[in-house]
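Colleague: I'd like to ask you about the structure that follows.
The values are calculated or read from the model by the stated rules, or taken from the named source; none is laboratory data. Computed from a predicted structure; not experimentally measured. As a convention, Cβ positions derive from the backbone with ideal geometry for all residues, glycine included, and neighbour counts pool all protein chains shown. Ligands, DNA and RNA are stripped out before the accessible areas are found, and what is left, the full protein with its side chains, is counted by its heavy atoms. Shrake-Rupley method; radii C 1.70, N 1.55, O 1.52, S 1.80 Å.
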Amino acid sequence: LQCQSLIAVITQEQIQQLLAARDNRHLITSFYFNTDVTRRPVAEQKIRLKDMLQAARRDLEGREATHAQRESLLGDFGAIEQHFVAHAVSNSHKGIAIFSCSARKFWQTYALPRGVRNILIADFDPYIRPLSMILDEYHRFCTVVVDRARAQIYEIYMGEILDRSEAFTELPRFSSRSMGQGGREERRFERHHEDAVRRHFHRVARFTFDIFQAYKFDYLVVGTHHELFYEFERHLHPYLRARLVGNFTAEPGVTAPAEVLAQTMAIETKVEREDEVRTVNELLAKVDRQDAAVLGLHGTLTALQRGAVQTLVVEDGYEVPGFMCYNCHVASVDDGACPHCGGEMTVCPDVVDEAIEVALQQGAKIEHIRTPTPLRERGFIGALLRFKS
Ligand SMILES: [Zn+2]
């Protein structure tokens with residue numbers, strides 16, 4: 001099976017491209033906007049956007065910038081407004097993110113699965129923290145809804161659901177209604193029926209395995225009648241059983257896709273919170289036995305400078321002003337010369353944001369911690385390292 005997902009997937013490559021777009025000459029506009037119509041109707045959103053862009057144009061007048069930089073930003077603002085107006089009505093997403101640099105014809109848009117704070121920032125650096133948080137929060141789910149005779153397979157990612165059942169070619173249709181008159185005939189029928197159910201489960205499990213690998217899902221969820229769950233689960237490949245993170249009551253052809261989506265997303269939230277706690281526990285345990293991990297801002301930034309970070313673990317909302325050498329991608333809490341090039345470092349309002357960007361550039365995973373964990377008492381930030389220091 002060679003399959004291409006139709007759901008717009010935010011990839012690590014896109015983010016890397018975005019981060020690579022920075023230089024010391026051009027300003028990039030980073031724009032986040034809440035487009036959730038249940039929160040604010042489109043007409044009101046348009047007014048908000050106009051206000052935001054007007055404020056940005058006013059700020060630009062008082063700002064130190066070259067003529068070319070100014071022209072590029074004005075181009076960005078115009079393009080963002082045009083894009084919004086063109087897509088506002090058809091848009092079904094809860095938020096959008098746009099990164100633009102007109103001078104270099106750089107333009108990226110992201111449809112977001114949840115609302116974001118409205119932000120417009122023009123800087124040398126793209127502001128990617130909200131995007132990175134969303135990327136960390138969502139995983140690719142495969143949800144199988146199955147009963148004794150039928151099955152439906154869904155792909156779920158970033159709040160969207162796609163029915164993959166069409167890819168099912170040989171779905172057996174087996175009626176479970178009893179037709180025997182009792183006695184031997186009925187027992188024979190039951191045996192025959194149980195065999196058919198077993199074959200059906202086996203086939204669904206095998207197909208799920210194929211589709212799971214083809215679409216590179218992260219997790220599996222099963223929707224079925226409670227009493228069928230363990231019976232079906234037995235047929236799953238060990239690889240799938242290890243990725244099975246939840247089940248709920250559902251029936252193929254009866255349970256609406258919206259309900260399947262809601263149930264899967266509730267399981268996803270639980271999985272993500274558990275993941276956060278597990279990562280923090282792993283981090284703290286490793287730090288305590290002086291294994292490959294660091295805790296605290298200073299240690300984490302030093303590890304980043306050495307390119308040693310595998311997973312950056314950071315408390316949601318943690319911000320600290322600091323210094324940055326944009327030539328070497330070095331973030332620091334200390335004033336003074338860059339440890340790499342010896343050049344002067346630039347003051348930056350939030351060195352944690354810079355650390356997240358540097359980590360992403362190095363191909364590290366970012367784990368944003370939203371749930372209360374002991375990390376709050378132990379420095380708000382840390383990192384699992386690629387090797388022992
Ligand atoms: Zn430097």
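Colleague: On average, how much accessible surface per residue is there in region 1-109, in Å², for a 1.4 Å probe, leaving out ligands, DNA and RNA? List each step's numbers first, then the result.
Modeller: Values: 6220 Å² over 109 residues.
That works out to 57 Å² per residue.
Colleague: Still on this structure: With charges set only on the Cβ (+1 for Lys and Arg, -1 for Asp and Glu), what does the dipole of the chain come to about its Cα centre, in debye to the nearest 20?
Modeller: Numbers: 47 positive and 53 negative charges, 215 e Å.
Roughly 1040 debye, rounded to the nearest 20.
Colleague: From the backbone phi of region 70-75, what are the Karplus-calculated ³J(HN,Hα) couplings (6.51 cos²θ - 1.76 cosθ + 1.60, θ = phi - 60°) in whole Hz, Gly and Pro given as x?
Modeller: 4, 4, 5, 5, 4, x
Colleague: Once you keep just the Cα pairs under 8 angstrom separated by 6 or more residues, what percentage relative contact order results for the chain?
Modeller: Working: 610 pairs, mean separation 58.0, N = 389.
Computed value for the chain: 15 percent relative contact order.
Colleague: Which distance in nm do the two modelled labels at N24 and E64 give, with both placed 7 Å along the Cα-to-Cβ direction?
Modeller: If labels sit at N24 and E64, their model points lie 1.5 nm apart.
Colleague: Which cross-chain or sequence-distant (5 or more) residues have an amide H under 5 Å from the amide H of L112, H modelled 1.01 Å from N in plane?
Modeller: Those lying under 5 Å, H to H, from L112 are K94, G95, I96, A97.
Colleague: Once you list every other residue whose beta carbon is under 14 Å from the beta carbon of G246, what net charge do they have if Lys and Arg are +1 and Asp and Glu are -1? Mind dumping the intermediate values first?
Modeller: Numbers: positive: R241, R243, K270, R273; negative: D218, E233, E268, E272, E274, D275.
Residues close to G246 contribute a combined charge of -2.
Colleague: If you don't mind, there's one more thing I want to ask. Enter the Cα centre distance for the pair region 132-160 and region 76-100, rounded to the nearest angstrom.
Modeller: 27
Colleague: I need the P(r) histogram for the chain: all alpha carbon pairs, bin width 10 Å from 0 out to the longest distance, whole percents.
Modeller: In whole percents, the pair-distance histogram is 4, 19, 24, 23, 16, 8, 4, 2, 1, 0.
Colleague: Carbon-plus-sulfur fraction of the accessible area of region 236-389, 1.4 Å probe, in percent? Mind showing how you got there, number by number?
Modeller: Numbers: 3620 of 7040 Å².
Result for region 236-389: 51 percent of the exposed heavy-atom area is carbon or sulfur.
Colleague: In cubic angstrom, how much convex hull volume per residue do the alpha carbon atoms of region 257-389 span?
Modeller: 120
Colleague: Which stretch or stretches of region 109-143 have amide N atoms under 16 Å from the point lying 7 Å from T38's Cα along the Cα→Cβ direction?
Modeller: 112-116, by backbone N distance to the label point.
Colleague: Same structure, new question: Computing the accessible area with a 1.4 Å probe over protein heavy atoms, can you report the carbon and sulfur percentage for region 8-94? Kindly include the intermediate steps, with their values, before the conclusion.
Modeller: Working: 2520 of 4950 Å².
Taking all protein chains in place, region 8-94 shows 51 percent carbon and sulfur surface.
Colleague: Report, in deg cm²/dmol and to the nearest 500, the calculated mean residue ellipticity at 222 nm for the chain, where each DSSP H run with n ≥ 4 adds -39500 (n - 2.57) and the sum is divided by the residue count. Let's see the in-between values first.
Modeller: Values: 10 runs with 153 residues, N = 389.
Here the helix-only value at 222 nm equals -13000 deg cm²/dmol.
Colleague: Given a Förster radius of 41 Å and the C-beta distance between E81 and A214 as r, what FRET efficiency does 1/(1 + (r/R0)^6) yield to the nearest 0.05?
Modeller: Working: r = 40 Å, r/R0 = 0.98.
Efficiency computed from Cβ-Cβ geometry: 0.55.
Colleague: Please turn the phi angles of region 208-221 into ³J(HN,Hα) values with the Karplus equation 6.51 cos²θ - 1.76 cosθ + 1.60 (θ = phi - 60°), one per residue in order, whole Hz, x for glycine and proline.
Modeller: Taking θ as phi minus 60°, the curve returns 4, 4, 4, 5, 4, 6, 5, 8, 6, 6, 8, 9, 10, 10 Hz for region 208-221.
Colleague: From the residues A149, Y127, L27, which one has its Cα farthest along the dipole of region 1-157 in the positive direction, the dipole being from +1 and -1 charges on Cβ of Lys/Arg and Asp/Glu about the Cα centre?
Modeller: A149
Colleague: Summarise the long-distance tail of P(r) for region 33-80 by giving the % of C-alpha pairs beyond 17 Å. Before the final figure, lay out the partial values.
Modeller: Values: 480 of 1128 pairs.
Everything past 17 Å amounts to 43 percent.
Colleague: Given points 7 Å out from each Cα along the Cα-Cβ axis, report the E251 to H202 separation in nanometres with one decimal.
Modeller: Result: 2.7 nm between the two label points.
Colleague: A further question follows. Enter the accessible area per residue of region 330-389 (Å², integer; probe 1.4 Å; all protein chains in place). All intermediate terms of the calculation are to be shown ahead of the outcome.
Modeller: Values: 2720 Å² over 60 residues.
Heavy-atom accessible area per residue stands at 45 Å².
Colleague: Further question: Per-residue HN-Hα couplings for region 328-339, Karplus 6.51 cos²θ - 1.76 cosθ + 1.60 at θ = phi - 60°, whole Hz, x for Gly and Pro?
Modeller: With coefficients 6.51, -1.76 and 1.60, one gets 9, 6, 10, 9, 8, 8, 9, 6, x, 7, 5, x Hz.
Colleague: Could you give the dipole magnitude of region 1-128 about its Cα centre, charging the beta-carbon of Lys and Arg +1 and that of Asp and Glu -1, in debye to the nearest 20?
Modeller: Around 280 debye, computed over region 1-128.
Colleague: Under 29 Å between C-alpha atoms is the cut-off here; go through the chain and count lysine pairs that meet it, provided they're at least eight residues apart or on different chains.
Modeller: 16
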